[in-house]
Amino acid sequence: MHIHELMRLKENELVQRLKPLDEADLERHARELIAEMGSDNYAGVMSQVMKAVQEDLEPDQSRFDKVQQTLQSSLPNQAYMSDIYARLAAIVMMIISKKFKTLYNKE
């Protein structure tokens with residue numbers, strides 16, 4: 001599946017299509033979107049997201065909101081779609097989830 005196909009999906013379909021993807025495919029999609037948003041520093045962006053996820057949340061803020069805000073402030077280009085940060089956040093959170101599952105299954 002190509003990233004532009006993912007971007008055209010309805011939000012309720014997006015997560016269902018992301019779930020079966022392996023970590024490498026999710027990371028490929030995240031890298032492509034991050035590059036389209038003007039950054040070639042995937043590791044740096046992911047590091048910022050990981051730090052943000054560990055921070056305390058504002059009242060009425062979810063982790064998902066925190067990830068979206070971090071992505072928006074980390075990426076130099078303005079979004080060309082109003083929901084691109086939400087879609088990228090869904091991909092990034094799926095990557096984080098799979099990484100944690102892999103980590104805890106090894107222990």
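Throughout, read-outs are computed from the coordinates displayed, never taken from laboratory work. Nothing here was measured: the structure is a model prediction, and the numbers come from that model. So basically every Cβ, Gly included, is an ideal-geometry build from the backbone, and we count neighbours across all protein chains shown.
Quick test for you: out of A89, A24, A30, A43, pick the one residue that is exposed (fewer than 12 other Cβ atoms within 10 Å of the Cβ) and closer than 19 Å to M1 by Cα. Exactly one residue qualifies, and that residue is A24. Applying the set (1) surrounded by 12 or more Cβ atoms within 10 Å (Cβ to Cβ); (2) within 24 Å of L9 (Cα to Cα) to V53 leaves exactly one unmet item: (2).
Checked against the criterion of being among the hydrophobic types (A, V, I, L, M, F, W, C) and touching a Gly at 6+ places or on another chain (Cβ under 7 Å), the candidates L33, L6, L75, L21 yield just one match: L75.
Would you pick out the residues in the stretch 9-18 that are surrounded by 11 or more Cβ atoms within 10 Å (Cβ to Cβ) and more than 13 Å from V92 (Cβ to Cβ)? Even if it seems obvious, please write down each step before you answer.
Keep residues of the stretch 9-18 that are surrounded by 11 or more Cβ atoms within 10 Å (Cβ to Cβ), which gives 9, 13-15, 17-18.
Scanning the stretch 9-18 gives L9, E13, R17.
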